[in-house]
Amino acid sequence: MNTLFNVYLQNHQRVFECPVTESVLKSGLRHGVAMHYDCSNGSCGTCEARLIKGEIKQIKHHDFVLTDKQMAKNTFLMCCNAPTTDIEVAVELIGDVKSIAIQEIDVKVKHIRLVNENMAILSLRTPRSKTLKFMAGQDVELSFNGKTHRYPVASCPCYGMDLEFHIRNREYDAFANEIFNGRLKDKAVVSLEGPKGIFVLKEQSIQRIVFIAWDGGFAPIRSLIEHAFSLEMSNPMHFYWAYPADEKAPYLDNHARSWEAVMDEYFYTAIACTFNRANKNDCHKVAKQIFDSLDIEVVNQADVYISAPAEVLIYLGELLLENGLDETQLIASPI
Ligand code: FES
């Protein structure tokens, strides 16, 4: 039987369940706890924590040597130990984006899936010993063949080794062109630099949450929503996903809809927007169509996260602020 024990995090008012067979680190990350780590295999010492109460057992060998002083303080490596009773642990967590260093990692293309003729889902894998530390909603820069572009990570930080990106084929995006011209293929090596950006979840907020995405702006929103699920946040969530009306539905419509089965108070609305792709001023038109589809009473009581092109963001932000939203409620990121 895989017995579960509670792991209490001293001074953080957090507790999560950890199976007797799983490392405290792996389980914590799965529950959305922003723990510091690097190698995940006992070599770097970054995941150190102190055992305050209870008992643990080592489940993995570690090369990193703890000093006598650390041992005397009950320091242990979270990636190599599992609880054998309920435990209380003193650990420093990642408090904000500033406490995560920029990382440079060579990652491998695991898979490229075209969801339609000009939207690709790019799956990348980091080396096991060098996973990406980031917060849900953040971006990274990807480079291949000298072509670089910045994209939001679409996956949850609990899977720092498997990273997903949603990439639209746009003329000005030279990295995307490498994908759609077939030059970037499975197993190719891509350079990654990041994380960057401050579009992250207010984890302590008890407010209702409204997420608004335009098309590929779904990527960081997906990361935020899945992170909120791992944290078991019970805030009611509304997701409005605007997409070009000349496509039948948002490109991962079923995925966004499937969350309705996971959470009682999750409400999803897809918004088909008509606009002329050749006319940049149509951003006004898109912003207005999104605004007209929102339940403004709900929006005005919520933390509102918007991920959309800068022009749409500006107009939509103005409309929201003119109609009762306070600017402290607005968290926005251009794509
Ligand atoms: S993460 Fe490197 S030792 Fe645990």
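The values are calculated or read from the model by the stated rules, or taken from the named source; none is laboratory data. Keep in mind the model is a prediction, meaning the values are calculated, not measured. Heads up, the Cβs are rebuilt from the backbone with ideal geometry, glycines too, and the neighbour counts pull from every protein chain shown.
Scanning segment 161-220 for residues that are surrounded by fewer than 20 Cβ atoms within 10 Å (Cβ to Cβ) and touching a His at 6+ places or on another chain (Cβ under 8 Å) yields Asp173, Ala174, Asp186, Arg208.
Count of segment 275-324 residues, restricted to those that are in contact with a strand residue (DSSP E or B) (Cβ under 9 Å, 6 or more places away or on another chain), free of Cβ contacts under 8 Å to residues at least 60 places away in the same chain and under 18 Å from Pro236 (Cα atoms), is 1. Checked against (1) within 12 Å of the ligand (Cβ to nearest atom); (2) more than 21 Å from the chain's Cα centre (by Cα); (3) assigned to a loop (DSSP other than H, G, I, E, B), Ser40 passes all but condition (2).
Name the one entry in Ala90, Ala72, Ala101 that is farther than 25 Å from Met161 by Cβ, aliphatic (A, V, I, L, M) and loosely packed, with under 14 Cβ neighbours inside 10 Å.
One residue alone meets the criteria, Ala72.
Give the residues of segment 24-37 that are part of a loop (DSSP other than H, G, I, E, B) and more than 10 Å from the ligand (Cβ to nearest atom), sorted by residue number.
First, the residues of segment 24-37 that are part of a loop (DSSP other than H, G, I, E, B): 31-34, 36-37.
Within segment 24-37, His31, Gly32, Val33, Ala34 qualify.
Taking segment 46-69 as the range and being crowded, with 18+ Cβ neighbours inside 10 Å and either in the same structural domain as Lys133 (by TED's automatic domain parsing) or small (Gly, Ala, Ser) (or both) as the test, only Ala49 passes.
Look through Phe76, Phe64 and report the one residue that is within 13 Å of the ligand (Cβ to nearest atom) and in a strand (DSSP E or B). It would help to see each step written out before you state the result.
On the way: Phe64 fails: in a strand (DSSP E or B).
Matching residue, one of Phe76, Phe64: Phe76.
For segment 257-274, the criterion of being in contact (Cβ under 8 Å) with a residue 12 or more places away in the chain, in a helix (DSSP H, G or I), within 21 Å of Pro152 (Cβ to Cβ) and more than 20 Å from the chain's Cα centre (by Cα) is met by no residue. Evaluation of Trp241 against the conditions (1) touching a residue at least 60 places away in the same chain (Cβ under 8 Å); (2) buried (at least 17 other Cβ atoms within 10 Å of the Cβ); (3) under 23 Å from Glu226 (Cβ atoms) shows that the sole unmet condition is (1). Residue count for segment 211-256, restricted to those that are part of a loop (DSSP other than H, G, I, E, B) and hydroxyl-bearing (Ser, Thr, Tyr): 2. State whether the residues of segment 2-19 include one that is within 12 Å of the ligand (Cβ to nearest atom), outside the structural domain of His227 (by TED's automatic domain parsing), in contact with a strand residue (DSSP E or B) (Cβ under 6 Å, 6 or more places away or on another chain) and aliphatic (A, V, I, L, M). The answer is no, given that none of the residues of segment 2-19 is within 12 Å of the ligand (Cβ to nearest atom), outside the structural domain of His227 (by TED's automatic domain parsing), in contact with a strand residue (DSSP E or B) (Cβ under 6 Å, 6 or more places away or on another chain) and aliphatic (A, V, I, L, M). Is segment 44-57 home to any residue that is part of a strand (DSSP E or B), farther than 28 Å from Lys202 by Cα and within 12 Å of the ligand (Cβ to nearest atom)? Scanning segment 44-57, I find no residue that is part of a strand (DSSP E or B), farther than 28 Å from Lys202 by Cα and within 12 Å of the ligand (Cβ to nearest atom), so the answer is no. Residues of segment 84-97 include none that is free of Cβ contacts under 8 Å to residues at least 40 places away in the same chain and within 16 Å of the ligand (Cβ to nearest atom). Every condition in (1) assigned to a helix (DSSP H, G or I); (2) surrounded by fewer than 20 Cβ atoms within 10 Å (Cβ to Cβ); (3) at pLDDT below 95 holds for Cys283 except the one numbered (2). From Lys185, Lys147, which residue is over 18 Å from Ala219 (Cβ atoms), charged (D, E, K, R), outside the structural domain of Ala308 (by TED's automatic domain parsing) and without any contact (Cβ under 8 Å) to a residue 60 or more places away in the chain? Result of the check over Lys185, Lys147: Lys147. Scoring Gln70 on the criteria (1) part of a helix (DSSP H, G or I); (2) closer than 22 Å to Ala228 by Cα leaves a single failure, condition (2). Residues considered: Ile335, Ile306. Of these, the only one that is touching a Gly at 6+ places or on another chain (Cβ under 9 Å) and modelled with pLDDT under 90 is Ile335.
For the criterion of being loosely packed, with under 14 Cβ neighbours inside 10 Å, touching an Asp or Glu at 6+ places or on another chain (Cβ under 8 Å) and in a loop (DSSP other than H, G, I, E, B), Thr21 fails.
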